[in-house]
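Colleague: Take a look at this one; I'll ask things after.
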Amino acid sequence: MKPTLAPFPATRLRRLRSSKGLRNMVCENTITPHDFIWPIFVMDGTNTTEPVNSMPGVMRRTVDLLADAAREARDLGIPAICIFPYTDSSLKTEDCAEAWNPDNLSNRAVRAIKDAVPEMIVMTDIALDPYNINGHDGYVRDGVIVNDETVEALVKMALAQANAGADILGPSDMMDNRIGAMRTALEAEGQQNVAILSYTAKYASAFYGPFRDAVGASGVFKGDKKTYQMDPANSDEAMRLVERDLTEGADMVMVKPGMPYLDICRRVKTEFGVPTFAYQVSGEYAMVQAAAQHGWIDRDAVMMESLMAFKRAGCDGILTYFAPAAARLLNS
């Protein structure tokens, strides 16, 4: 039973807001750099960076510059980096074979980071869209994104990333049974300590546009992803997906996008009590940056408020492009 508050003036709820010290004492949620996974974009070449125009402040880096990024993350207290490749169009094919090439861009990036900062946790993305000439997360057959054949390819991709040294695999494809198939293959290959952070509740969202620009998928993508990503109207379905992925061997689950789906984050944490992450996606980041550049909002204040919202909703961690900037503020 909830306690009954004494009537005013015995109860003045503003008392505990009257000073910074009191506010800190009763603060219900905290955020630290350890809560962040930093998504970075990697490209071929040497000693080069390119700005992502639709994501002010975000850049693509060549593999040789990832060591500097890893050391920056370590020094800021950020424990993990997530790699996304900007794949050359000549390597995008119908069979997506580059996805499991041991020397593809992602796998070289994993090794570069682990060589430079061995303690850095490296997360990878598992989906065929960076390697698919059609821009979809799965194989396209007669206009249909096929499930089972795609899962077979994703398993090969997962094993290649694990063998490259990835600590966390992030299946973002939303195919049925991919978690179970990957977990079985990882166990069989002696990769039992590789964790799976499943993109469990990934919605068919309009917030992903700048990301597709960042990985070079905007020009090749045709149609939509509504037959495999979730309907933004659905919440109960997300709970079924969480239950399924956990029973198949997922160690952690993710909700994507983030802020428009805080209700889903809260439901996942309340109903399952498992490590729950959210991805503050490119569109969310771009809107904050654009408004701040116009002087309409205080970038740092909105950034920190948005990140705290994830913790308040029950998230254990956040994938965010703001990770370095937020960590600097927190450390200061």
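Colleague: Scan N134, N107 and give me the residue that is in a loop (DSSP other than H, G, I, E, B) and out of contact with any Asp or Glu (no Cβ under 6 Å at 6 or more places or on another chain).
Modeller: The match here is N134.
Let's see how each residue does on (1) at pLDDT below 95; (2) under 19 Å from L91 (Cβ atoms):
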| residue | (1), (2) |
| --- | --- |
| I133 | yes, yes |
| H136 | yes, yes |
| D142 | yes, no |
| E149 | no, no |
| P171 | no, no |
| D176 | no, no |
| E187 | no, no |
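Colleague: Now a separate question. Are any of the residues in region 267-281 without any contact (Cβ under 8 Å) to a residue 40 or more places away in the chain, crowded, with 16+ Cβ neighbours inside 10 Å and in a loop (DSSP other than H, G, I, E, B)? Show your work before the answer.
Modeller: Of the residues in region 267-281, the ones without any contact (Cβ under 8 Å) to a residue 40 or more places away in the chain are 267, 271-274.
The next check asks that each one be crowded, with 16+ Cβ neighbours inside 10 Å; those that pass are 267, 274.
Imposing the further condition that a residue be in a loop (DSSP other than H, G, I, E, B) reduces the set to 274.
Yes, the conditions are met somewhere in region 267-281.
Conditions tested, residue by residue: (1) closer than 27 Å to A278 by Cβ; (2) among the basic types (K, R); (3) under 21 Å from the mean Cα position of the chain (by Cα); (4) assigned to a helix (DSSP H, G or I).
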residue	(1), (2), (3), (4)
M1	no, no, no, no
P9	no, no, no, no
R14	no, yes, no, yes
G21	no, no, no, yes
I37	yes, no, yes, no
F41	yes, no, yes, no
G45	no, no, no, no
R61	yes, yes, yes, no
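Colleague: Which ones in region 1-43 are aliphatic (A, V, I, L, M) and within 20 Å of N331 (Cβ to Cβ)? If you could, list the steps in order and put the result at the bottom.
Modeller: Step one: of region 1-43, the residues aliphatic (A, V, I, L, M) are 1, 5-6, 10, 13, 16, 22, 25-26, 31, 37, 40, 42-43.
Result: I31, I37, I40.
Colleague: Name the one entry in I83, I133, I126 that is surrounded by fewer than 17 Cβ atoms within 10 Å (Cβ to Cβ) and within 18 Å of F211 (Cα to Cα). First the steps, then the outcome.
Modeller: Values: I83 fails: surrounded by fewer than 17 Cβ atoms within 10 Å (Cβ to Cβ); I126 fails: surrounded by fewer than 17 Cβ atoms within 10 Å (Cβ to Cβ).
Testing whether each residue is surrounded by fewer than 17 Cβ atoms within 10 Å (Cβ to Cβ) and within 18 Å of F211 (Cα to Cα) leaves just I133.
Colleague: Return a yes/no flag: does region 246-258 have any residue that is part of a helix (DSSP H, G or I) and surrounded by 15 or more Cβ atoms within 10 Å (Cβ to Cβ). Give the steps one after another, and end with the answer.
Modeller: Residues of region 246-258 that are part of a helix (DSSP H, G or I), as a first pass: 246-248.
If we keep only those that are surrounded by 15 or more Cβ atoms within 10 Å (Cβ to Cβ) as well, we get 246, 248.
There is at least one residue in region 246-258 that is part of a helix (DSSP H, G or I) and surrounded by 15 or more Cβ atoms within 10 Å (Cβ to Cβ).
Colleague: Let me ask another. Of the conditions (1) surrounded by fewer than 18 Cβ atoms within 10 Å (Cβ to Cβ); (2) part of a loop (DSSP other than H, G, I, E, B), A185 fails just one. Which one is it?
Modeller: It is condition (2) that A185 fails.
Colleague: Here's another thing I want to ask about it. Can you name every residue in region 47-59 that is in a strand (DSSP E or B) and hydroxyl-bearing (S, T, Y)? Reasoning before the result, please.
Modeller: Step one: of region 47-59, the residues in a strand (DSSP E or B) are 49-51, 59.
The one that is in a strand (DSSP E or B) and hydroxyl-bearing (S, T, Y): T49.
Colleague: Tally the residues that are of a type in the set (G, A, S), in contact with a strand residue (DSSP E or B) (Cβ under 9 Å, 6 or more places away or on another chain) and either outside any helix (DSSP H, G or I) or surrounded by fewer than 19 Cβ atoms within 10 Å (Cβ to Cβ) (or both), restricting the search to region 147-182. So that I can check it myself, show each step before the final result.
Modeller: The first filter runs over region 147-182 and keeps only residues of a type in the set (G, A, S), leaving 153, 158, 160, 162, 164-166, 170, 172, 180-181.
With the extra rule that they be in contact with a strand residue (DSSP E or B) (Cβ under 9 Å, 6 or more places away or on another chain), the set shrinks to 158, 162, 164-166, 170, 172.
Next, from what is left, pick out any that are either outside any helix (DSSP H, G or I) or surrounded by fewer than 19 Cβ atoms within 10 Å (Cβ to Cβ) (or both): 165-166, 170, 172.
Number of matching residues: 4.
Colleague: What about E284, is it over 20 Å from Y208 (Cα atoms), modelled with pLDDT of 95 or more and not hydroxyl-bearing (S, T, Y)? Break it down stepwise before answering.
Modeller: Numbers: over 20 Å from Y208 (Cα atoms): no; modelled with pLDDT of 95 or more: yes; not hydroxyl-bearing (S, T, Y): yes.
No: the conditions fail for E284.
Colleague: Given the criteria out of contact with any His (no Cβ under 8 Å at 6 or more places or on another chain) and closer than 22 Å to K222 by Cα, does T124 qualify?
Modeller: Working: out of contact with any His (no Cβ under 8 Å at 6 or more places or on another chain): yes; closer than 22 Å to K222 by Cα: no.
It is false that T124 is out of contact with any His (no Cβ under 8 Å at 6 or more places or on another chain) and closer than 22 Å to K222 by Cα.
Colleague: Now a separate question. What's the total number of residues in region 63-107 that are among the hydroxyl-bearing types (S, T, Y) and touching a strand residue (DSSP E or B) at 6+ places or on another chain (Cβ under 6 Å)?
Modeller: Kept after step one, since they are among the hydroxyl-bearing types (S, T, Y), are these residues of region 63-107: 86-87, 89-90, 93, 106.
Now restrict to residues that are touching a strand residue (DSSP E or B) at 6+ places or on another chain (Cβ under 6 Å): 86, 106.
So the answer is 2.
Colleague: Can you find a residue in region 137-144 that is on the phi > 0 side of the Ramachandran plot, part of a loop (DSSP other than H, G, I, E, B) and not small (G, A, S)? I'd like the intermediate steps shown before the answer.
Modeller: Keep residues of region 137-144 that are on the phi > 0 side of the Ramachandran plot, which gives 142-143.
Adding the requirement that they be part of a loop (DSSP other than H, G, I, E, B) leaves 142-143.
Then drop every residue that is not not small (G, A, S), which leaves 142.
Checking region 137-144: at least one residue is on the phi > 0 side of the Ramachandran plot, part of a loop (DSSP other than H, G, I, E, B) and not small (G, A, S).
Colleague: Now for a separate question. Taking only pairs six or more apart or across chains, which ones have beta-carbon atoms under 9 Å, a first residue in region 242-263 that is free of Cβ contacts under 8 Å to residues at least 60 places away in the same chain, and a second residue that is in a helix (DSSP H, G or I) and surrounded by fewer than 16 Cβ atoms within 10 Å (Cβ to Cβ)?
Modeller: Here the result reads V242/E271; V242/F272; E243/E271; E243/F272; L246/F272; V253/F272; L262/R312, each pair linking region 242-263 to a residue that is in a helix (DSSP H, G or I) and surrounded by fewer than 16 Cβ atoms within 10 Å (Cβ to Cβ).
Colleague: Go through region 69-99 residue by residue and tally those that are among the β-branched types (V, I, T) and part of a strand (DSSP E or B). Full working, then the answer.
Modeller: If we filter region 69-99 for residues that are among the β-branched types (V, I, T), which is where we start, we get 78, 81, 83, 87, 93.
Subsequent filtering for residues that are part of a strand (DSSP E or B) retains 81, 83, 93.
Looking only at that region, the number is 3.
Colleague: Moving on to the next point. Any idea which of D44, D75, D115, D64 is surrounded by fewer than 18 Cβ atoms within 10 Å (Cβ to Cβ) and free of Cβ contacts under 8 Å to residues at least 12 places away in the same chain?
Modeller: On the way: D44 fails: free of Cβ contacts under 8 Å to residues at least 12 places away in the same chain; D115 fails: free of Cβ contacts under 8 Å to residues at least 12 places away in the same chain; D64 fails: free of Cβ contacts under 8 Å to residues at least 12 places away in the same chain.
None of the others qualify; the one that does is D75.
Colleague: Considering only residues that are at negative phi, in contact (Cβ under 8 Å) with a residue 40 or more places away in the chain and assigned to a loop (DSSP other than H, G, I, E, B), which ones fall in region 188-218?
Modeller: Listed by number, the residues that qualify are S205, V215, A217.
The values are calculated or read from the model by the stated rules, or taken from the named source; none is laboratory data. As the structure is a computational prediction, the values presented were derived from the model and not from experiment. Glycine also receives a Cβ, built like all others from the backbone with ideal geometry; neighbour counts cover every protein chain displayed.
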